1. Scan the range 2-47 for residues that are at negative phi and part of a loop (DSSP other than H, G, I, E, B) and report the count.
2. So which residues in the range 22-44 are in contact (Cβ under 8 Å) with a residue 24 or more places away in the chain, surrounded by 15 or more Cβ atoms within 10 Å (Cβ to Cβ) and touching a strand residue (DSSP E or B) at 6+ places or on another chain (Cβ under 9 Å)?
3. Checking residue 71 against (1) free of Cβ contacts under 8 Å to residues at least 12 places away in the same chain; (2) over 18 Å from residue 13 (Cβ atoms); (3) under 15 Å from the mean Cα position of the chain (by Cα): exactly one of these is not met. Which one?
């Protein structure tokens, strides 16, 4: 089980190397992670809205530029990621997916 203090230290990337399972409170590798590589996940997979949106500087070819929660992204983009159940439910409620 991942503690909140650990989750709070994970950084964002538009091409993340982990996903966060919010039900089981686990971090799961999305691909091979090299020794010393920073762990990162795609914030909108766990956030519908963000209190402090920001300009992304991840440098990925998939970079969305401005990170402001899942409700602000097009459905086609969100389909690249495994969204947390609460994010999926909110998007369905708002008929965004």
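1. First, pick out the residues of the range 2-47 that are at negative phi: 2-24, 26-35, 37-47.
Now narrow it down to the ones that are part of a loop (DSSP other than H, G, I, E, B): 2-3, 8-10, 13-17, 22-24, 30-35, 37-39, 42, 46-47.
Selection size over the range 2-47: 25.
2. Once the filter is applied, which keeps residues that are in contact (Cβ under 8 Å) with a residue 24 or more places away in the chain, surrounded by 15 or more Cβ atoms within 10 Å (Cβ to Cβ) and touching a strand residue (DSSP E or B) at 6+ places or on another chain (Cβ under 9 Å), the range 22-44 yields 27, 39, 40, 41, 42, 43, 44.
3. The single condition residue 71 does not satisfy is (1).
Read-outs throughout are calculated quantities, based only on the coordinates presented, and are distinct from any laboratory measurement. It should be emphasised that the depicted structure is a prediction, and the values quoted were computed from it without experimental measurement. No Cβ is skipped: glycine too gets one built from the backbone with ideal geometry, and neighbour counts run over all protein chains shown.
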